[in-house]
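Heads up, the thing below is written out as structure tokens.
The values are calculated or read from the model by the stated rules, or taken from the named source; none is laboratory data. No experiment lies behind these values; they were computed from the predicted model shown. Here Cβ is always computed from backbone atoms with ideal geometry, including for glycine, and neighbour counts include all displayed protein chains.
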Protein chains: 2
Amino acid sequence: MVRVTDRPQLSRRFAEVHSSPARDLLTLTSAHAEIISFAGGLPAKEAFDIEGLRSAVESLQLTPALLNYSTTEGMGDLRELVASRLSAEGVPTTADGIVVTTGSQQALMMLAAVLVEPGAVVVVVRPSYLGMTQALTIAGARLVSVESGAQGPDLEQLERVVVDHRPVLLYLNPTFQNPTGYTIPAPARAAIVEMAHRHGFRIVEDDPYRELRYEAAPVPSFTSFDSGDAAEQVVIGTGSFSKVLAPGLRVGWMRPPADLRPAVNVAKQAFDLHSATITQQIVVRYLLGGRFEGALERTRALYRERRDAMVDLLDAALPSGSEWTIPTGGMFVWIRLPEGFDSIRLLEAATAEGVVFSPGVPFYTDAPDTRRIRLSYTTNAPDGIREGLQRLAKAVDAAG
Amino acid sequence: MVRVTDRPQLSRRFAEVHSSPARDLLTLTSAHAEIISFAGGLPAKEAFDIEGLRSAVESLQLTPALLNYSTTEGMGDLRELVASRLSAEGVPTTADGIVVTTGSQQALMMLAAVLVEPGAVVVVVRPSYLGMTQALTIAGARLVSVESGAQGPDLEQLERVVVDHRPVLLYLNPTFQNPTGYTIPAPARAAIVEMAHRHGFRIVEDDPYRELRYEAAPVPSFTSFDSGDAAEQVVIGTGSFSKVLAPGLRVGWMRPPADLRPAVNVAKQAFDLHSATITQQIVVRYLLGGRFEGALERTRALYRERRDAMVDLLDAALPSGSEWTIPTGGMFVWIRLPEGFDSIRLLEAATAEGVVFSPGVPFYTDAPDTRRIRLSYTTNAPDGIREGLQRLAKAVDAAG
């Protein structure tokens, strides 16, 4: 057979997209149970309401309609339930306004495809969730970043960037942010929505951790500050049952403003025709079973205890001069190591000691802070957290 | 609130992508049971092995590992089973070489993203499956089409197009093609694979109908004609359990050559992190239950009978001068109406009579043949086929 020496090339965009270290570490830690992982943003195994989910699975009616192709935008009963929950939180929504997605990651990827012309500017905060910066890079976005602190993005810098770069989109993960843990306060949310209307850009509000609050009352969502008129809204909310029920189900959703719905529907056709019906129905049956709020309360208590266990021990485990904030919800502690430390080198030393975490570098789209690391406290009981942090302390000694 | 008058624009690519009429008609026919639909490419309700699927669901172990996030490329046991089936068909494959996708539609969309630089040329046959031309358009491909006949693409024209346009990719749905029903014969498959190596383009072999053969022995897949060396292969096979088990599960797969696997893995992370674990395990349990081959045989017999019922009545239902070929597998009869007929006008008249079908226009990326229609015979029993074709005959009279 005659052969050319050159292989067909891949899309250049893929040369710029990095694999998620947390996902790659998941492959490692799945195969090595002895490694203690603080790397992923995974629910605790103790958080699953297995009894409730088993009841939901057992109540499935495997009808031909459930087994066959289903409507693109998702099953009506699930869309109703999601819309009701949003409406109860002050975001009036009808089932028509919800599109079910294969996890909220798919919603993010679809929005990147629908909203981003190759070369269009998208503003992200420093640091941001890698899954969305991957999606935006694949879509051909030009990413411009804005610094963030304990209250979220720097609003003055954001306005300057918006004026200078005319973005089509701002991506925010505003509640218990991944990786930093911060929550953007209500007044800043209102100001950012107003800025979006004034300058003509949209906001993706990616809010999977919203329900995992340990202390304060919920902060109103960005969507709640948006115009009441569905045709003029600029905020696109996305959510997920992954952090609060079971990620293996891959059930998420999107709330596109009315003008986006036709394009989102075409995108959903192209992405996977529709999400799995059986997992949609498991969520429906589970929600109708009346156990969700109780299970959420138990999950919050579990994660609060683990957060406390971790933050109590950080002082002893981390090198002197390290900094971190104490999250009031979500899954992560975001740490800055003192000068002289490098997160990737520390990860190598830590892996050798039998503990892993996520280095901060992949969360930056430019000028990464090489001294940042992200620790998740959700999947280990307090004993495991203690043991893992002792191993990390040894790695710190080795790498310091 | 200050408002700009201009709404943020969508990606221009979405202005060129059309919604699937078959999917839109699914929404219509789901709400109106009295309409007889020949529109979709859906499995028959009688084809589902509900008993076998119920056993599979009942045997699920809802462990924390099953409920939590899973590995990007899919669950090991499912990948093993898919690889074994392929190996048994003459395509040596290991579990490492399979990526599980959320239906094969996702595999197609991921491949469009990974392989197609915006502006790159992709060759498609006339006509082609709309779901892939949607995906390619969203990825920014420049589509160049090649005529096809009863044996698939015109090979001389294909070679000229390849020389003139230097495509990165050729998309084929080679067995019981959607919409035409043709199967590309083995010698043409070998010639096209050789052409791909010689000219340096890749081939997507989208083969969801492969197992739905009613008569002949299977034609060897394109992949079986490709190099034995995984690093040099140019064919990327995709497959699905949608047409042979249950589309509601959304379980498909891709067989990327070794050099594509890292980019495909990153794409899968960005698209949905991983496919639902529960539906993957339902497929595993079902396949291990030993009922698959028997169920397939029953499905083949059912569809063969329905094909016969439809083709026997076409002469009486269609206007004189109509042309069609008799498919030897799959789900579709592809019809050319005589001069003076228009498929869209006929669909309007047909809908008024209570029967729907897919007009051929959306299957063309350029110069559509407005006299083509696609009828699916799978979802109606012979009586329903007779009634639907009588309604179609009335619509023909009204529209003629």
So B:Ala112, is it at pLDDT below 95 and of a type in the set (A, V, I, L, M, F, W, C): no
The stretch A:10-39: number of residues that are in a loop (DSSP other than H, G, I, E, B), farther than 23 Å from A:Ala246 by Cβ and at the interface with another protein chain (Cβ under 7 Å from one of its Cβ atoms): 4
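Tell me the residue from A:Ser242, A:Ser227 that is at pLDDT 95 or above and not assigned by TED's automatic domain parsing to the domain that holds A:Glu297, please.
On the way: A:Ser227 fails: at pLDDT 95 or above.
Unique residue meeting the criteria: A:Ser242.
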Checking B:His199 against (1) out of contact with any helix residue (DSSP H, G or I) (no Cβ under 6 Å at 6 or more places or on another chain); (2) surrounded by fewer than 24 Cβ atoms within 10 Å (Cβ to Cβ), the condition it does not meet: (1)
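Would you check which residues across the stretch A:335-344 are acidic (Asp, Glu) and either surrounded by fewer than 13 Cβ atoms within 10 Å (Cβ to Cβ) or closer than 12 Å to A:Ala393 by Cα (or both) and list them? Can you show your working first?
Of the stretch A:335-344, the ones acidic (Asp, Glu) are A:339, A:342.
A:Glu339, the sole residue that qualifies.
Would you tally the residues in the stretch B:203-233 being in a loop (DSSP other than H, G, I, E, B), within 14 Å of chain A (Cβ to nearest Cβ) and within 17 Å of the chain's Cα centre (by Cα)?
Number satisfying all stated conditions: 1.
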The stretch B:171-182, residues that are within 14 Å of another protein chain (Cβ to nearest Cβ) and under 24 Å from B:Glu117 (Cα atoms): B:Tyr171
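Which residues, counting only those in the stretch A:234-265, are of a type in the set (S, T, N, Q) and within 10 Å of chain B (Cβ to nearest Cβ)?
So the first thing to find is which residues in the stretch A:234-265 are of a type in the set (S, T, N, Q), and the list is A:238, A:240, A:242, A:265.
The answer is A:Ser242, A:Asn265.
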Condition met for A:Gly74 (of a type outside the set (Asp, Glu) and touching a strand residue (DSSP E or B) at 6+ places or on another chain (Cβ under 7 Å)): yes
Test set (1) within 21 Å of the chain's Cα centre (by Cα); (2) buried (at least 18 other Cβ atoms within 10 Å of the Cβ); (3) within 26 Å of A:Arg126 (Cα to Cα) - A:Thr328 fails condition number: (2)
Enumeration of residues in the stretch B:354-370 that are over 20 Å from B:Val17 (Cβ atoms) and surrounded by 20 or more Cβ atoms within 10 Å (Cβ to Cβ): B:Val355, B:Val356, B:Phe357
Long-range neighbours under 6 Å by Cβ, at least six apart or interchain, first residue within 11 Å of chain A (Cβ to nearest Cβ) within the stretch B:183-200, second β-branched (Val, Ile, Thr) and in a helix (DSSP H, G or I): B:His199/B:Val162
Inter-residue pairs, beta-carbon under 8 Å, first touching a residue at least 40 places away in the same chain (Cβ under 8 Å) and in the stretch A:256-268, second in a helix (DSSP H, G or I) and among the β-branched types (Val, Ile, Thr), 6+ apart: A:Pro256/A:Val264; A:Leu260/A:Val114; A:Ala263/A:Val114; A:Val264/A:Val114; A:Ala267/A:Val114; A:Ala267/B:Ile138
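In the stretch B:61-117, which residues are farther than 30 Å from B:Thr133 by Cβ, of a type in the set (Gly, Ala, Ser) and either away from chain A (no Cβ under 14 Å) or surrounded by 22 or more Cβ atoms within 10 Å (Cβ to Cβ) (or both)? Spell out how you get there, then give the answer.
Initially, the stretch B:61-117 is screened for residues farther than 30 Å from B:Thr133 by Cβ, giving B:61-71, B:75-77, B:80-81, B:84, B:87-88, B:92, B:94-96.
The next check asks that each one be of a type in the set (Gly, Ala, Ser); those that pass are B:65, B:70, B:76, B:84, B:87-88, B:95.
B:Ser70, B:Ser84, B:Ser87, B:Ala88, listed by residue number.
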Test for B:Asp342: is it within 20 Å of B:Val311 (Cβ to Cβ), free of Cβ contacts under 8 Å to residues at least 60 places away in the same chain and among the acidic types (Asp, Glu): no
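Each row is one residue, and each column tells you yes or no for (1) crowded, with 18+ Cβ neighbours inside 10 Å; (2) part of a helix (DSSP H, G or I).
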site: B:Gly321; (1), (2): no, no
site: B:Val333; (1), (2): yes, no
site: B:Leu346; (1), (2): yes, yes
site: B:Ala395; (1), (2): yes, yes
Residue identified as in the same structural domain as A:Val124 (by TED's automatic domain parsing) and touching a Lys or Arg at 6+ places or on another chain (Cβ under 7 Å) among A:Ala263, A:Ala270, A:Ala276: A:Ala276
Selected residue (only one of B:Leu66, B:Leu81, B:Leu42, B:Leu62 is part of a helix (DSSP H, G or I) and either under 29 Å from A:Lys243 (Cα atoms) or not assigned by TED's automatic domain parsing to the domain that holds B:Ala270 (or both)): B:Leu66
